[in-house]
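Heads up: the structure comes next, in structure tokens.
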Amino acid sequence: MTERLRGIGSMIAAAFVFAIMDASLKHLSTRYSPMQASSMRCIASLVLLAATITWRRSWPGLVPRAPWLHLFRGLLGIIMLASFVYAVRTMSLAKTYALFLCAPLLMTALSVPLYGERVPLRRWLAIGAGLGGVILVLRPGVAVHFGWRAVGAAALAACCYALSALAVRPLGRTNSSTSMVFWNLAIGGVGCALLAGSWRPIAQQDWGWLALIGVCGALGQYWLTEAFRLAPPSVVGPFEYTAILWAFAIDWIFWRTAPSRSLLAGAALVIASGIFVIVDERRLAQLALTPASPPP
């Protein structure tokens, strides 16, 4: 029980520092292009990760296995980061999160064509309810006010995140977690830098923001790994949704943006649907482990 509580605490901490990191990206995106901001985010975290790898002398363990799958996941990461930064630059952090957090529902739906998994009807209903929550978030005035590009960018980021998460399963069979994180950051950092075109010099006052992004990215990755190491995904997974609460708070403190009723209702529906899918998966896993009763 103690380890599970520590796992839950680690997940909440990871959600918090990732929200701080994304708020910092939102701040920087007003002065740099989405591709350059995404590249700076990857490089800032990569520097700290490289320092940790050097300290542990674990460079030999980074040799990539299934390099084409690493490259594919890295390309997904480039699209996801640039799309997310574009969306969060235009919309509030909470609104972008509400759309982005439908990614776990997309993972469930995409596992059918990609891995041939069976998804029960109740989960399809949960996915439908979650998409209904997205519609609530996207009430007609939102798309008109922010533009369909920002909304589409958030949706594209969620799709790329879902595909990238599903690619972890085959990669994880032959690669360590550190290797997957390293190559994802390296490909993302270099790729976004090349696609950025003209690179704007980094202003002196922005180096502190980059340091904050690097520290938050490194801490978030560590706590996320700890959460899944200490407790099953079905236990810690629902607490990933605390990110939306941090987003509400950050929007209000720094941008004086209060959530609308439709945003609160839509976000609640997306979160409830995601938690239902996670809990249902846990229930089925427990049933599979329960020995069948002997015949009378």
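Coordinate-derived values only; no laboratory data. These numbers come from a predicted model, not from an experiment. Positions of Cβ are generated from backbone atoms using ideal geometry, with glycine treated the same way; all protein chains shown enter the neighbour counts.
Relative to the Cα centre, what is the charge dipole magnitude of the stretch 67-166, using +1 at the beta carbon of each Lys and Arg, -1 at the beta carbon of each Asp and Glu, and rounding to the nearest 20 debye?
My answer is approximately 140 debye.
Restricting to DSSP loop positions (anything but H, G, I, E, B) with no more than 14 other Cβ atoms inside 10 Å of their own Cβ, which trypsin sites (Lys or Arg not before Pro) remain in the stretch 188-279? Don't jump to the answer; show the numbers that get you there.
Details: sites: Arg229, Arg256, Arg261; in loops: Arg256.
Qualifying residues, ordered by number: Arg256.
Would you tally the net charge around Arg123, using a Cβ to Cβ cut-off of less than 15 Å, leaving Arg123 out, and scoring K and R as +1, D and E as -1? Walk me through the numbers before you get to the answer.
On the way: positive: Arg118, Arg122, Arg282, Arg283; negative: Glu117, Asp280, Glu281.
Residues near Arg123 contribute +1 overall.
How large is ³J(HN,Hα) for each residue in the stretch 58-73, as worked out from phi by the Karplus curve 6.51 cos²θ - 1.76 cosθ + 1.60 (θ = phi - 60°), to whole Hz, x for Gly and Pro?
Here the 3J(HN,Hα) series is 10, 4, x, x, 8, 4, x, 10, 6, x, 5, 6, 4, 5, 4, 5 Hz.
Tell me whether the stretch 72-119 comes out rounded, prolate or oblate; compute the Cα gyration tensor, take square roots of the eigenvalues as a ≥ b ≥ c, and use a/c under 1.5 as the rounded threshold.
On the way: a/c = 5.29, a/b = 1.66, b/c = 3.18.
Oblate is the answer for the stretch 72-119, as a/c is 1.5 or above yet b/c matches or exceeds a/b.
What whole number of Å gives the distance from the Cα centroid of the stretch 155-201 to the Cα centroid of the stretch 49-108?
Taking the Cα centre of each part, the stretch 49-108 and the stretch 155-201 sit 4 Å apart.
How long is the stretch 1-67 along each principal axis, judged by its Cα atoms, biggest number first, in Å?
Ordered largest first, the stretch 1-67 gives principal extents of 44, 34, 25 Å.
Using a/c under 1.5 as the rounded threshold, could you call the stretch 135-233 rounded, prolate or oblate? The axes a ≥ b ≥ c are square roots of the C-alpha gyration tensor eigenvalues, and prolate needs a/b larger than b/c, oblate otherwise.
Numbers: a/c = 1.74, a/b = 1.19, b/c = 1.46.
Cα axes put the stretch 135-233 in the oblate bin.
Please turn the phi angles of the stretch 9-22 into ³J(HN,Hα) values with the Karplus equation 6.51 cos²θ - 1.76 cosθ + 1.60 (θ = phi - 60°), one per residue in order, whole Hz, x for glycine and proline.
Using θ = phi - 60°, the values come out as x, 5, 5, 4, 5, 4, 4, 5, 5, 5, 5, 4, 4, 5 Hz.
Which of the peptides 3-15, 105-117 is most tightly packed, and how do the rest follow, going by the mean number of other Cβ atoms within 10 Å of each residue? Let's see the in-between values first.
Values: 3-15: 18.8, 105-117: 15.2.
In descending order of packing, they fall as 3-15, 105-117.
Does the stretch 54-209 come out rounded, prolate or oblate, given a ≥ b ≥ c as the square roots of the eigenvalues of its C-alpha gyration tensor, rounded meaning a/c under 1.5 and, failing that, prolate meaning a/b above b/c?
Numbers: a/c = 2.51, a/b = 1.15, b/c = 2.19.
Because a/c hits 1.5 or more and a/b fails to exceed b/c, the stretch 54-209 counts as oblate.
Below 13 angstrom from the Cβ of Ala13, what's the summed charge of the other residues (Lys, Arg +1; Asp, Glu -1)? Walk me through the numbers before you get to the answer.
Working: positive: Arg6; negative: Glu226, Glu240.
Combined, the nearby Lys, Arg, Asp and Glu give -1.
Using Stokes-Einstein with the Kirkwood hydrodynamic radius over Cα pairs, what translational diffusion coefficient do you get for the stretch 164-209 at 20 °C and a viscosity of 1.002 mPa s, in µm²/s rounded to a whole number? Each step should come with its number before you reach the end.
Working: Rh = 13.0 Å.
This corresponds to a translational diffusion coefficient of 165 µm²/s.
Once the dipole of the chain is set up with Lys and Arg at +1 and Asp and Glu at -1 on Cβ about the Cα centre, which of Pro60, Pro259, Ile8 lies farthest towards its positive end?
So the residue furthest toward the plus end is Pro60.
Can you give the translational diffusion coefficient of the stretch 2-289 in µm²/s, computed by Stokes-Einstein from the Kirkwood radius over Cα pairs at 37 °C and 0.692 mPa s?
Numbers: Rh = 19.5 Å.
Answer, rounded: 168 µm²/s.
So how strong a dipole does the stretch 2-289 carry about its Cα centre when Lys and Arg Cβ are +1 and Asp and Glu Cβ are -1, to the nearest 20 debye?
With only Lys, Arg, Asp and Glu charged at Cβ, the dipole is about 140 debye.
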